[in-house]
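Novice: Can you read through this structure? Questions will come right after.
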Amino acid sequence: MIKNAPPREGKEAKALDGLLSRLDFAQREAAECLEGTLCLKAGAGSGKTSTVCARIALGLEKGEWDPARTLAVAFSRRAADALKGRLLSLSAPEKVKVSTFHSLALAQLRRLWSLFALSPFPNLVDERGSCALFEKAAGAGERIGEYLGALKWAKSSLVGPSELEEAASYSSFSLPSGFKAAWQAYEKAKKEAGAIDFGDIFILLLKILEASREARKLVSGAFESVTVDEYQDVSPAEHAILKFWASRAQSVCVVGDAAQTIYSFAGSSGWFLSHAKADFPAPYREIPLSFDYRSGREVIRCANGILALSAEKYARLRAGSKARGSLERRSFKDFPSLLRGAVELAKSKDPVKSFAILARTRRDLDALAAELLKEKVPFGPPGCEGEGRIALSTIHAAKGLEWDQAVLFIGTERVGEEEEERRILYVGATRAKEKLSILFLPSPSNLSRFLPFSPSEGR
């Protein structure tokens with residue numbers, strides 16, 4: 001802890017003061033909560049990034065935490081870079097650590113390996129390398145995608161081959177046939193190649209920390225303040241690592257929204273968000289951010305309607321601005337006409353407005369891309385849609401992003417766990433700022449089953 005920090009001056013002081021003055025009451029309350037554990041229940045569009053940045057910058061300005069021992073964990077590299085940039089603009093020192101779970105865990109694993117291991121650090125294989133190993137070891141063929149998904153779920157859940165069937169029976173995850181034998185063959189081939197995969201990073205780091213007191217001292221004492229974004233989507237492996245990172249922290253902030261839990265297929269669980277009080281230092285405070293400053297009222301009404309019939313008690317969004325917004329809903333009789341409808345919207349979009357088409361499956365994205373190419377409509381992935389290009393993305397990849405107009409393309413049937421599918425649709429709907437267009441094939445087996453209106457209304 002560093003008390004009596006030097007006063008801020010010039011533009012840096014004005015930047016933080018300006019941000020604090022723009023926060024609403026709940027945001028300001030959260031930004032000033034610097035001791036113990038803060039559980040920030042932040043709804044879609046509720047200004048969580050501004051709140052988190054203000055809190056970290058304020059804590060550093062008051063000398064509550066050493067910048068070099070201040071950690072912020074984001075869900076993706078893109079989000080981490082954006083968070084780091086915001087903090088630097090608020091005078092936060094460069095020493096503040098902003099990272100993803102995987103990046104920081106890998107850095108710590110390499111350091112501990114160099115200190116305690118006798119062998120060279122293994123070769124880290126990416127997804128392509130894992131595919132090759134599965135094919136070599138088990139002849140996975142067309143099942144490689146399913147096997148990779150099961151591998152990620154198992155390792156994120158800290159489940160080994162001997163516990164596989166029992167763990168799956170308590171989960172909504174469906175194991176592909178033949179996976180256990182293929183996994184065992186994969187692990188043998190990986191070991192022979194002197195390699196590890198991304199799922200091994202957490203497992204190996206945890207083994208070292210659990211076995212070595214010296215390693216625990218190095219890792220557990222590294223941070224005074226820990227902030228974790230998208231906490232509703234942390235996995236058991238990430239949670240176990242986080243407990244070590246935060247074990248000596250004086251201040252912990254976990255930020256999440258139960259209604260946006262959409263990665264259970266990868267082992268993530270919203271359980272940790274609802275039980276944060278037991279994991280981190282006292283005193284514990286829970287502050288909800290419920291005003292959506294991103295979307296117009298009609299978009300918010302639709303998003304709340306998607307969650308309304310759920311048995312879960314999700315928090316309802318409240319309109320944070322006077323913008324009305326608009327909702328367009330159109331049903332189609334077949335997939336080709338659905339494709340044409342999406343392309344027509346893309347071709348007629350306002351050239352100065354940001355625009356995205358979001359789909360549930362990669363298969364739908366491929367079909368959309370082919371149709372857009374045929375019609376010579378420029379498009380790209382999120383973040384690369386300059387020069388009039390539209391963004392084309394899965395709903396999962398669009399998490400945390402926003403557009404003036406978002407089109408939800410509901411086509412391919414996909415029957416996943418009921419509540420997770422409902423939340424996926426909700427996340428897609430809340431990406432829209434001004435206009436939400438929902439194009440769908442009515443079906444009890446796709447996301448249209450959660451729409452807050454009947455198919456006859458979508459004409």
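Novice: Please enumerate the residues belonging to the stretch 97-108 that are part of a helix (DSSP H, G or I), of a type in the set (A, V, I, L, M, F, W, C) and buried (at least 16 other Cβ atoms within 10 Å of the Cβ). Break it down stepwise before answering.
Specialist: Taking the stretch 97-108 and keeping what is part of a helix (DSSP H, G or I), we get 101-108.
Still in the list and also of a type in the set (A, V, I, L, M, F, W, C): 101, 104-107.
Result: Phe101, Leu104, Ala105, Leu106.
Novice: From Glu375, Glu371, Glu385, Glu344, grab the single residue that is closer than 24 Å to Ser295 by Cα and modelled with pLDDT of 95 or more. Break it down stepwise before answering.
Specialist: Details: Glu375 fails: closer than 24 Å to Ser295 by Cα; Glu371 fails: closer than 24 Å to Ser295 by Cα; Glu385 fails: modelled with pLDDT of 95 or more.
Only one candidate qualifies: Glu344.
Novice: Are any residues in the stretch 272-287 closer than 17 Å to Ser247 by Cβ and in a strand (DSSP E or B), and if so, which ones?
Specialist: Tyr284
Novice: If Asp364 satisfies all but one of (1) touching a residue at least 40 places away in the same chain (Cβ under 8 Å); (2) open to solvent by 50 Å² or more (accessible area, probe 1.4 Å); (3) of a type in the set (Asp, Glu), what's the number of the condition it fails?
Specialist: Every listed condition holds for Asp364 apart from (2).
Novice: In this structure, is Ser76 of a type outside the set (A, V, I, L, M), open to solvent by 30 Å² or more (accessible area, probe 1.4 Å) and closer than 29 Å to Ala397 by Cα? Steps first, please.
Specialist: Details: of a type outside the set (A, V, I, L, M): yes; open to solvent by 30 Å² or more (accessible area, probe 1.4 Å): yes; closer than 29 Å to Ala397 by Cα: yes.
Here the answer is yes, as Ser76 does meet what is asked.
Novice: State yes or no: is Leu158 of a type in the set (A, V, I, L, M) and on the phi > 0 side of the Ramachandran plot?
Specialist: Spelling it out, Leu158 is indeed of a type in the set (A, V, I, L, M) and on the phi > 0 side of the Ramachandran plot.
Novice: Same structure, new question: Which condition from (1) out of contact with any strand residue (DSSP E or B) (no Cβ under 8 Å at 6 or more places or on another chain); (2) open to solvent by 70 Å² or more (accessible area, probe 1.4 Å); (3) not aliphatic (A, V, I, L, M) is the one that Arg318 breaks?
Specialist: Answer for Arg318: the failing condition is (1).
Novice: Considering Lys217, Lys243, which residue is out of contact with any Lys or Arg (no Cβ under 6 Å at 6 or more places or on another chain) and at pLDDT below 95?
Specialist: Numbers: Lys243 fails: at pLDDT below 95.
Going through Lys217, Lys243 in turn, the sole match is Lys217.
Novice: Within the stretch 150-179, track down each residue that is over 24 Å from Lys207 (Cβ atoms) and touching a residue at least 12 places away in the same chain (Cβ under 8 Å).
Specialist: Residues satisfying the conditions are Ser172, Leu175, Pro176, Gly178.
Novice: Among the residues of the stretch 333-372, write down those that are assigned to a helix (DSSP H, G or I), under 27 Å from the mean Cα position of the chain (by Cα) and of a type in the set (D, E, K, R).
Specialist: Of everything in the stretch 333-372, those that are assigned to a helix (DSSP H, G or I), under 27 Å from the mean Cα position of the chain (by Cα) and of a type in the set (D, E, K, R) turn out to be Arg362, Arg363, Asp364, Asp366.
Novice: Still on this structure, please answer the following. Going through the stretch 37-55 one residue at a time, which ones are part of a helix (DSSP H, G or I), open to solvent by 10 Å² or more (accessible area, probe 1.4 Å) and of a type in the set (Gly, Ala, Ser)? Write out each step before concluding.
Specialist: Within the stretch 37-55, the first condition is being part of a helix (DSSP H, G or I), and the residues that meet it are 48-55.
From what's left, open to solvent by 10 Å² or more (accessible area, probe 1.4 Å): 48-50, 52.
The answer is Ser50, and nothing else.
Novice: Which one of these is in contact with a Leu (Cβ under 7 Å, 6 or more places away or on another chain), open to solvent by 50 Å² or more (accessible area, probe 1.4 Å) and modelled with pLDDT of 95 or more: Phe335, Phe291? First the steps, then the outcome.
Specialist: Details: Phe291 fails: in contact with a Leu (Cβ under 7 Å, 6 or more places away or on another chain).
Unique residue meeting the criteria: Phe335.
Per-residue answers, yes or no, for (1) on the phi < 0 side of the Ramachandran plot; (2) assigned to a loop (DSSP other than H, G, I, E, B); (3) open to solvent by 20 Å² or more (accessible area, probe 1.4 Å):
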{"position": "Leu34", "(1), (2), (3)": "yes, yes, no"}
{"position": "Gly59", "(1), (2), (3)": "yes, no, no"}
{"position": "Trp65", "(1), (2), (3)": "yes, yes, no"}
{"position": "Lys95", "(1), (2), (3)": "yes, yes, yes"}
{"position": "Arg110", "(1), (2), (3)": "yes, no, yes"}
{"position": "Ser114", "(1), (2), (3)": "yes, no, yes"}
{"position": "Ser119", "(1), (2), (3)": "yes, yes, yes"}
{"position": "Ala132", "(1), (2), (3)": "yes, no, yes"}
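Novice: Moving to a separate point now. Looking only at residues in the stretch 1-16 that are loosely packed, with under 14 Cβ neighbours inside 10 Å and charged (D, E, K, R), which one is modelled with the highest pLDDT?
Specialist: Lys14
Novice: Looking only at the stretch 401-425, which residues are at pLDDT 95 or above and of a type in the set (Ser, Thr, Tyr)?
Specialist: Result: no residue meets the conditions.
Novice: I've got another one for you. Between a residue in the stretch 209-228 that is under 17 Å from Leu60 (Cβ atoms) and any residue that is open to solvent by less than 80 Å² (accessible area, probe 1.4 Å) and in a strand (DSSP E or B), which pairs come within a Cβ distance under 6 Å, given they are 6 or more apart or on different chains?
Specialist: Hits for this filter: Phe223/Leu71; Ser225/Thr70; Ser225/Ser251; Val226/Leu71; Val226/Val252; Thr227/Ala72; Thr227/Cys253.
Novice: Assess whether Arg330 counts as being assigned to a strand (DSSP E or B) and more than 18 Å from Leu401 (Cβ to Cβ). Can you show your working first?
Specialist: On the way: assigned to a strand (DSSP E or B): yes; more than 18 Å from Leu401 (Cβ to Cβ): yes.
Judged against the criteria, Arg330 is a match.
The values are calculated or read from the model by the stated rules, or taken from the named source; none is laboratory data. Because the structure is a prediction, the values reported are computed rather than measured. Cβ: placed from backbone, ideal geometry, glycine included. Neighbour counts: every protein chain shown. Keep in mind that these areas ignore ligands, DNA and RNA; they rest on the heavy atoms of the full protein, side chains included. Shrake-Rupley method; radii C 1.70, N 1.55, O 1.52, S 1.80 Å.
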